[in-house]
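I have placed the structure first, in the form of structure tokens, so that the comments after it can refer back to it.
No value in this document is a laboratory result; all are computed from the given coordinates. Note that this is a predicted model, so its numbers are computed, not measured. Here Cβ is always computed from backbone atoms with ideal geometry, including for glycine, and neighbour counts include all displayed protein chains.
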């Protein structure tokens with residue numbers, strides 16, 4: 001969305017010409033996704049812990065340290081990855097490109113499949 005909005009200003013101010021370069025937009029998307037994950041991550045993890053109680057079930061036939069260290073780990077952690085990546089994509093990608101929407105659809109479909117798996 002940012003390239004769509006700001007590339008028209010490149011005729012007036014040359015710095016906005018950067019939004020035409022995919023490398024600049026990719027770097028901006030990476031930094032935005034990282035920032036979203038760092039800001040929303042702790043509160044989302046605490047929210048998931050509060051909702052799930054015991055957290056992820058731990059198998060007793062696995063390594064002994066998993067029983068101690070992984071106890072209480074919430075499931076659905078991919079939700080944080082989905083929120084940050086989809087948010088950064090919608091902000092920095094060329095939203096007029098059909099391939100962007102196809103990739104978002106596939107990503108969200110796999111996220112929905114992962115949500116169903118973790119929920120069950």
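Taking segment 76-90 and a reference point 7 angstrom along Cα→Cβ of residue 105, the backbone N atoms nearer than 19 Å belong to 86-87, 89-90.
As a size descriptor, the averaged projected area of the C-alpha convex hull of the chain was calculated at 9.6 nm².
Label-to-label distance, residue 75 versus residue 34, with points set 7 angstrom from Cα along the beta-carbon direction: 3.2 nm.
In the chain, the longest principal axis of the Cα atoms and the axis of helix 78-92 are about 0 degrees apart. Largest GNM mean-square fluctuation among 11, 94, 61, using the chain with Cα springs under 10 Å: 61.
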